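Okay, structure first, notes after.
Just so it is clear, none of the values below were taken in a lab; they were calculated from the coordinates. Note that this is a predicted model, so its numbers are computed, not measured. Reconstructed Cβ throughout: ideal geometry from the backbone, glycine too, with neighbour counts over all protein chains shown.
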4 protein chains.
Amino acid sequence: MAIENKAPGKDISAEDLLSKFPLAAKKSPEHKSEFEICGVKFGSKKIPVFAGPNMVESRDLILDIAFKVKASGADFLRGGAFKPLSFPYRSEKYNETREEGIKWLMESKEKIGIPIITEVMEEKYIPLISQVADILQIGSRNMQNYPFLTACAKTQKPIMLKRHYGASLRDWLGAAEYILVEGNEKVILCERGVSVAHTHRSSSRFLLDLQVVPAAQEITHLPVVVDPSHATFWRPWVEPMALAGIACGADGIMLEVHPDPANAAVDPLQPIDYKEFSNLISKMDSIAKCVGRYVKK
Amino acid sequence: MAIENKAPGKDISAEDLLSKFPLAAKKSPEHKSEFEICGVKFGSKKIPVFAGPNMVESRDLILDIAFKVKASGADFLRGGAFKPLSFPYRSEKYNETREEGIKWLMESKEKIGIPIITEVMEEKYIPLISQVADILQIGSRNMQNYPFLTACAKTQKPIMLKRHYGASLRDWLGAAEYILVEGNEKVILCERGVSVAHTHRSSSRFLLDLQVVPAAQEITHLPVVVDPSHATFWRPWVEPMALAGIACGADGIMLEVHPDPANAAVDPLQPIDYKEFSNLISKMDSIAKCVGRYVKK
Amino acid sequence: MAIENKAPGKDISAEDLLSKFPLAAKKSPEHKSEFEICGVKFGSKKIPVFAGPNMVESRDLILDIAFKVKASGADFLRGGAFKPLSFPYRSEKYNETREEGIKWLMESKEKIGIPIITEVMEEKYIPLISQVADILQIGSRNMQNYPFLTACAKTQKPIMLKRHYGASLRDWLGAAEYILVEGNEKVILCERGVSVAHTHRSSSRFLLDLQVVPAAQEITHLPVVVDPSHATFWRPWVEPMALAGIACGADGIMLEVHPDPANAAVDPLQPIDYKEFSNLISKMDSIAKCVGRYVKK
Amino acid sequence: MAIENKAPGKDISAEDLLSKFPLAAKKSPEHKSEFEICGVKFGSKKIPVFAGPNMVESRDLILDIAFKVKASGADFLRGGAFKPLSFPYRSEKYNETREEGIKWLMESKEKIGIPIITEVMEEKYIPLISQVADILQIGSRNMQNYPFLTACAKTQKPIMLKRHYGASLRDWLGAAEYILVEGNEKVILCERGVSVAHTHRSSSRFLLDLQVVPAAQEITHLPVVVDPSHATFWRPWVEPMALAGIACGADGIMLEVHPDPANAAVDPLQPIDYKEFSNLISKMDSIAKCVGRYVKK
């Protein structure tokens, strides 16, 4: 009776890769997408950083954050003007500031000179959001909203596709393929935590899946970004998981940054403050250098 | 209707920590166990490395591996003489070499001068294995075998407690408490992958849970080691996940090393070879330095 | 040290129920929505049955199935004309027959006299599909596509909301609330399997979560239907899980039925044939009677 | 591009069944183990019921419960004298009553004339517990304690093997094989809930996996019992899940019964009382008859 010696089954067979994900699949082991967005390189030695608040709360706040994160080395300002909530009731503030938020992002972009990534939730807002967004962010809950993926893809804007917390790598690449098939080649994958029973905080339910970084990079040429803020839902864990993301080969890091985390309008437990962000950029850069890459320009 | 602003529930409340895990729980945020095993420091700036084959296949093999991993910087030789299998049929080789394996480990220890960590599976073998083992390794499947934990603890040998792939942090600390309550203070936790639906190779079913490193360190003073070999079950992913382990604060790294991985007697897809190990030690050390620690003496 | 005696934490607190799911939440333990769709009662002693093929393959096939399932006791004909796929490539047949499929469903409805439930995937097709559908089915992948939920809700058509395979009960009720808040009160929940590591067939990854039936009914007044075909992905398991669904209190059963399962155009391993369906209806009815309900009129 | 038409991969291949689980595997589709324990048939049309308290709290209590559950139709009295806890601190009461508990079970057996199933946790207590137990129960946490499985098997006593909450069907059958290989053929499998992220009560973390009943019965001839009390951790859900267990083909049901659930010494939220048990037996019997089986003698 021999001890097991077989190769492990893969979720995605080589045949599947060719027939279902022909555009997302690597053509060779070395194949990696390289492209630029607003002068920032993706898929190369540079590791872009996306930073900003969960929600675009006010004009002054977003201008201040844009200035500070840019000064510390962020490549893109992130911030949600339109945001999904898992139930239909929202603060007055949210309803008043959605379209205002887009204007404030535009002002930040122009005044501070930092490119913008922001979430688009609904087909009808694609034109509005496309005016300001340099990258359209598609949230986890919309990952399998295929007609919406197609509509976003047709803008030919770069797209960041967040992984659903219940999605397999196969599901995720299938969603990316819906974008690629429209001829839109600037697709960025973003891991933001999966839902598992072993999670360490019962209200968050997310576990940052860093193993998916090498797993995805083994079969796809698309860059894979890691977002530790949403996954960990807990400020003290953001730094270690961001550093781990860099160490295991992530092609970008997305972070929530807020001047006064405890008073953030949404999810006040997860943002880091300016000083933590500035220190983290330096640490990420030093770890990036250990793996032949860099964060700071 | 206000947007949710509450602290996330924790799996383990402060009250639970005091009443159920009083010995495993930190006394203060800075509290961290520091101890030495065979002159190797745990819980300090030094990050110990455990390396060796999955199975002690032969005398010559284990002597060769002991020599090579020590030369490259391993602190402990790992290798299984007694190993659990998830069904009762084993190769002839396994049955013949179990007690021999302990002798070969002893010879490696004496000739090469490297301390030993090896798994103990059964109470009756504790005396035999204790003769050679500097650290008793308790495998995942025995994590909740409480009388066995007690029996191992009573040897007062240092113990590495691997996390079961279905265990929560709460379950894991509860098991550690069974060891601590016997007055045995040299307990090392080891994360080796959890079982989740989102896993990227269907035969392995394990996802290395690096988020548990800061999560565990937030509430316990015990050192937390990471084993990327078993979790990933795939040689190319061992290096990125080992580096990520260091970056997120792991207090040790356990690795499978074999001179000829493809012909390893057990799990031939997961070991790295000598050259990969030697390179990895250097990379781990450079990343350790970025987080104020070190791997190499 | 006392043995633990506390009530288990609930995913959804009573406070959450009131503030986040005020319309989905029960007003009293006995509160249960009762309504009729095309003369079929929901939320009462009657347990409606939805039966038909995965895909509306051809005019003749759907007419034949409509006739046969109605004769055996089905209350609604199910069948997908527009269907999501997890990657963007589809058979020619699918592309040709989508709008045709809606016509064939209309013909089945008129000739056979059976009401129709069919999936709507995209906002632009809501008017077309609403012409034939007596119930709009929202698939798992669209469960968190909130603007789409709102658009469907505004038709004031009855809606079946399938649970995403990664969604908690909380996520699911939040999605239902988006429909209810539009004044659309005929909302039917449908459980179709969750994604777990313990699943028994690696390609399907779904486990029918029957425990969610009493769990949901404890807090919501909405009817909860069970779909064992998609969850089990395996014809021999459909009957036992359908019967179990009735036994644990499901308010409806959805089944895939095909005259020649092995040659079904999609998912040929999961449909049952006419004879199996007819026998199953009788068995479900006898079990329904044991719990004070009925399937057959 | 054809729509997927392949058979789903199975966790356990036919080849694996033959080489790893030759004794647990069915020899033919109709193959089912049939055996008797104390005159109660297993694996036939009869569905045995195991009932009693979580913990043998006192002599009077266990005698009363034995009398009442037997009168209502229970086939075996269950009750834990030796019980695992996930941390090492226990009430004084527990420590005092462990060996007493075995005596009280013996007295119940003799006076009331009901056979006994009770958990054995440790090899050294096998002889003591074997004096009273007609079936040795091996708990979830010991499912992968292979030397202990072997020691229990060697008694040639019937064994109930509970599934670990993180174990796959493959892991579970592998554990059963360790018992069968000792020539012990009276092995009963028991499903008691798996750990998943979608669970509906955060403190319990268990989801009763009823799909494993047909899944296990497809490949093994061993009887499969269902325990809804531990899985649901919540009294109101016990009845619906017990009935569902019968409906999907379970070969036995295990239930926690206590005269005063709210004051049970352990897990007071999950037992049902005498009246609920008596009613449930009747309902289970009526559902059993719908699937060609029976509960009541």
If Lys and Arg each add +1 and Asp and Glu each add -1, what is the summed charge of the other residues whose beta carbon sits under 10 Å from the beta carbon of B:Leu255?
-3
Cβ-based charge dipole, region B:45-290, positive-most Cα from B:Val266, B:Gly101, B:Pro214
B:Pro214
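Which whole-number percent gives the relative contact order of region C:116-182, counting Cα pairs below 8 Å spaced six or more residues apart?
Working: 94 pairs, mean separation 20.7, N = 67.
Relative contact order here is 31 percent.
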Roughly how many debye, to the nearest 20, is the charge dipole of chain D about its Cα centre, given +1 on each Lys and Arg Cβ, -1 on each Asp and Glu Cβ, and no other charges?
420 debye
Once the principal axes of the Cα atoms of region D:122-217 are found, what is the range along each, listed largest first in whole angstroms?
40, 27, 21
Where is the GNM fluctuation largest for chain A (alpha-carbon springs, 10 angstrom cutoff): A:Pro259, A:Pro53, A:Pro88?
A:Pro88
Counting DSSP beta bridges in region A:43-290, what percent are antiparallel, to the nearest 5?
10 percent
Candidate aspartates and glutamates - alpha carbon under 12 Å from D:Lys297, same-chain residues fewer than 8 apart omitted
D:Asp75, D:Asp285
Given the options B:Ile159, B:Ile126, B:Ile47, which has the most mean-square fluctuation in a GNM of chain B, springs set between C-alpha atoms less than 10 angstrom apart?
B:Ile126
Neighbour counts of other C-beta atoms within 10 Å: give me B:Lys20, B:Lys275 arranged from fewest to most.
B:Lys275, B:Lys20
Per 10 Å bin, what is the whole-percent P(r) computed from every C-alpha pair distance within region A:43-290?
8, 33, 40, 18, 1
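With the cut-off at 1.5 for a/c, could you classify region B:202-247 from its C-alpha gyration tensor as rounded, prolate or oblate?
Prolate shape, in that a/c is at least 1.5 and a/b is the bigger ratio.
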Hydrodynamic radius (Kirkwood) for the protein assembly as shown, which is based on Cα pairs only, to one decimal in Å
31.0 Å
Using a 10 angstrom cutoff on alpha carbons, build the Gaussian network for chain A and name the most mobile of A:Ala262, A:Ala242, A:Ala133.
A:Ala262
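Run the numbers on region A:143-297 and let me know its relative contact order in percent, using alpha-carbon pairs under 8 Å that are six or more apart.
Taking the mean separation of contacting Cα pairs over the length of region A:143-297, I get 16 percent.
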Cross-link list B:Lys27/B:Lys154; C:Lys27/C:Lys289; A:Lys83/C:Lys186; D:Lys70/D:Lys157; A:Lys157/B:Lys289; C:Lys283/D:Lys41: which exceed 30 angstrom alpha carbon to alpha carbon?
A:Lys157/B:Lys289
Across A:Lys109/C:Lys124; A:Lys162/C:Lys32; C:Lys32/D:Lys68; C:Lys109/C:Lys275, pairs whose alpha-carbon gap is larger than 27 Å
A:Lys109/C:Lys124; A:Lys162/C:Lys32; C:Lys32/D:Lys68
When you have a sec, figure out the Kirkwood radius of region C:53-150 from all distinct Cα pair distances and drop it here in Å to one decimal?
13.8 Å
Other-chain or far-sequence residues with amide H under 5 Å of B:Tyr294's (modelled H):
B:Lys46, B:Ile47
Over chain A, what is the relative contact order in whole percent, taking alpha-carbon pairs under 8 Å and six or more residues apart?
19 percent
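Can you work out the FRET efficiency for the pair B:Lys32 and B:Lys154, with r the C-beta to C-beta distance and R0 = 30 Å, to the nearest 0.05?
Details: r = 25 Å, r/R0 = 0.84.
Efficiency computed from Cβ-Cβ geometry: 0.75.
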